[in-house]
């Protein structure tokens with residue numbers, strides 16, 4: 001059996017397939033461009049670590065100015081906290097009493113690391129359960145954001161009075177500190193034209209402003225509005241209402257985000273994440289690569305083929321079917337750009353970081369997907 | 001941090017969500033029905049372990065008469081061989097010289113365990129590379145099946161003369177033993193009506209018969225034809241041409257296979273694999289569960305909701321949206337039937353086996369997904 005670490009320092013050509021590979025140069029340019037955007041617009045950046053699930057990449061983002069990271073799951077927070085990431089926001093509801101005990105444990109760990117845990121709520125019952133779990137803990141142990149539904153149609157209370165009722169209840173519990181509003185419109189990220197995204201986010205901003213005004217009128221200061229993703233963050237930023245951006249995919253730019261008409265107000269990001277695959281069968285009509293939907297997620301469509309005029313069709317769990325005027329030969333390498341980076345990374349144990357280009361570069365880094373499969 | 005083993009012996013109600021749960025009673029009935037079918041029809045069963053990726057389940061199938069298992073990947077063969085599964089068929093092409101060295105290593109391991117490794121080829125170049133890797137190894141170390149394309153349109157040589165050319169070449173290499181034909185029509189498994197599946201498999205049988213006749217005419221005995229899946233295996237069996245069935249999904253029966261019109265010639269299989277999820281948010285129009293497409297694969301469509309009149313809509317990586325006349329309450333458990341079991345299991349580290357029913361049963365077994373993420 002070969003050792004994973006054997007690949008370090010070797011040419012990218014030696015990477016066994018299929019494998020998930022980072023173009024480190026491209027990733028670092030994306031990192032810098034996003035850091036520069038946040039600095040220039042004086043907005044905080046809290047990238048979503050549900051995308052990469054890696055403490056190494058979370059620390060890299062924080063070293064370039066991010067205030068912390070978001071996660072969706074208690075177990076993701078546990079995995080990153082155990083590796084020293086000290087400022088984490090579970091931007092999602094947790095209602096199981098068993099999980100809420102774990103949330104409080106992580107909050108204590110982050111406090112000991114000099115950081116803080118935050119979490120979202122969207123119901124009186126959820127808040128009651130959270131307060132019960134945190135009862136008797138130090139003051140302001142947990143920062144709590146009230147999630148409002150700004151048009152996504154998933155979680156969140158309706159904008160306006162419902163948020164005020166939750167803020168009233170929150171104020172009663174000393175271990176819980178009102179953090180502000182969670183306001184994220186996921187579907188808006190993937191609207192193809194800039195005009196569609198502008199229209200959707202204009203609605204979002206109205207909902208946030210209405211809710212913030214209602215909270216303020218009821219005597220609740222609103223310390224922060226947090227949200228936004230890679231598709232729209234320039235719009236939330238321009239509104240002046242958002243203090244924190246949760247974009248995550250900018251680091252790797254998947255095929256789906258690249259299909260959006262680009263908003264010139266956003267930095268230009270590059271594809272930095274690839275599935276390396278190999279041609280394992282060829283016939284007159286098509287070639288078959290060894291990467292199917294166990295290698296990359298297809299919830300946002302199929303991967304694009306990098307640098308070659310070939311169409312990728314789904315060939316099942318372990319196969320991809322390539323068609324085009326000029327088919328590759330048996331044994332050839334084909335680089336795929338995943339449709340959606342988040343669930344693709346979750347399929348892999350490691351990301352291999354290549355320096356100096358995919359074709360002629362060298363494997364410089366093995367990045368563990370620390371929270372891989374962290375579902376609970 | 002809690003220990004996984006803490007869940008053993010506890011009620012299913014205590015399983016944290018989302019989690020992948022086996023109804024052991026239903027699974028064992030499926031196992032028995034398939035074993036009885038194979039025995040009654042005097043056909044060998046070699047279930048596809050790409051479905052469950054578990055040595056425990058492979059051994060369970062072999063204890064009930066299966067001659068071994070199939071896998072798709074070298075690394076799956078390595079993972080199962082390391083746990084003592086001694087009869088494995090890589091029903092897929094391997095063309096990387098690095099991987100082919102590993103294939104030979106596994107073949108030696110299985111030989112030492114009293115079993116044998118088999119593999120598929122579909123090109124002269126692939127066969128040349130395989131022969132080179134096996135050069136100097138003991139006679140008949142590897143059993144080699146020639147894959148023919150019987151209508152699926154993926155891998156495989158064309159039926160007829162191309163297979164004869166490969167068999168001629170195979171005969172030159174003492175370490176390689178001609179096993180027969182690999183003839184699997186994946187898409188036929190999911191044709192909804194029995195009539196459509198009958199028509200597709202009739203074509204398959206014609207291709208196999210033509211190729212077998214051509215091989216025999218050229219002096220090549222054809223020891224075995226192997227293939228078939230959960231959607232069609234009664235048809236391949238009835239043909240009398242197939243000696244071995246590769247069906248895998250029968251063990252768990254996913255939503256997609258259950259959507260097929262049932263062929264009365266096949267045993268009735270039951271759903272035995274479920275995602276346990278929890279309602280984490282409710283509003284007037286819908287409820288949200290904590291299981292999205294990081295919990296279950298959606299390549300074959302969305303999960304069905306077990307036992308409740310609710311529709312599941314995709315809510316992203318970590319959320320599912322339930323709609324229906326009677327919505328569940330915050331904190332309620334909802335059991336989902338995955339669309340496709342193979343890539344769903346690959347998302348999980350463990351399967352929790354429950355005895356005595358999902359609602360009131362007890363966690364009896366923790367089954368590791370040994371070859372999870374085994375992509376190479």
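Data overview
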{"read-out": "Exam field: residue B:44 pseudo-label spacings to other copies (7 Å along Cα-Cβ), nanometres", "value": "6.4"}
{"read-out": "Label point 7 Å beyond Cα along the C-beta direction, distances from residue B:329 to other copies (nm, shortest first)", "value": "6.8"}
{"read-out": "Listed peptides B:281-294, B:209-222 by packing density, highest first (mean Cβ within 10 Å)", "value": "B:281-294, B:209-222"}
{"read-out": "Footprinting exposure proxy for B:106, B:71 (fewest neighbouring C-beta atoms within 10 Å first)", "value": "B:106, B:71"}
{"read-out": "DSSP bridge pairs, the protein assembly as shown: antiparallel proportion in percent, nearest 5", "value": "50 percent"}
{"read-out": "Alpha-carbon centroids, the stretch A:37-104 and the stretch B:121-185: separation in whole Å", "value": "50 Å"}
{"read-out": "Spin-label pair residue B:261/residue A:195, simplified geometry with 7 Å Cα→Cβ offset, distance in nm", "value": "4.7 nm"}
{"read-out": "With Cα atoms, 0 to 90° folded angle of helix B:161-170 axis to chain B main axis", "value": "80 degrees"}
{"read-out": "Label-point separation, residue B:67 to residue B:39 (7 Å along Cα→Cβ), nm", "value": "1.8 nm"}
{"read-out": "Gaussian network model of chain B, Cα within-10 Å springs - most flexible of B:268, B:326, B:246", "value": "B:326"}
{"read-out": "Helix A:24-41 axis, angle to chain A major axis (alpha carbon atoms, nearest 10°)", "value": "30 degrees"}
{"read-out": "Nearest 10 degrees, 0 to 90: helix B:124-134 Cα axis against chain B principal axis", "value": "90 degrees"}
{"read-out": "Most mobile of B:21, B:241, B:225 in a GNM of chain B (Cα contacts under 10 Å)", "value": "B:241"}
{"read-out": "For B:220-233, mean number of other protein chain Cβ atoms within 10 Å", "value": "0"}
{"read-out": "Using a 7 Å Cα-to-Cβ projection, residue A:195 label spacings across copies, nm, ascending", "value": "4.8"}
{"read-out": "Per-residue Cβ neighbour rank within 10 angstrom, fewest leading, B:64, A:102", "value": "B:64, A:102"}
{"read-out": "Relative exposure of A:344, B:17, judged by other C-beta atoms within 10 Å (fewest first)", "value": "B:17, A:344"}
{"read-out": "DSSP-defined beta bridges in chain A - what % are antiparallel, rounded to 5", "value": "50 percent"}
{"read-out": "222 nm mean residue ellipticity, helices alone, for chain A (DSSP H n ≥ 4; -39,500 (n - 2.57); rounded to 500)", "value": "-9000 deg cm²/dmol"}
{"read-out": "Directionally averaged shadow of the protein assembly as shown, computed from the convex hull of its alpha-carbon atoms, nm²", "value": "31.2 nm²"}
{"read-out": "For the stretch A:25-258, diffusion coefficient by Stokes-Einstein and Kirkwood Rh (Cα), 10 °C, 1.306 mPa s, µm²/s", "value": "89 µm²/s"}
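Read-outs: derived from the displayed coordinates by stated rules, not from any lab. This structure is a prediction, so every number in the text was calculated from the model and none was measured. Glycine gets a Cβ as well: all are built from the backbone with ideal geometry, and neighbour counts include every protein chain shown.
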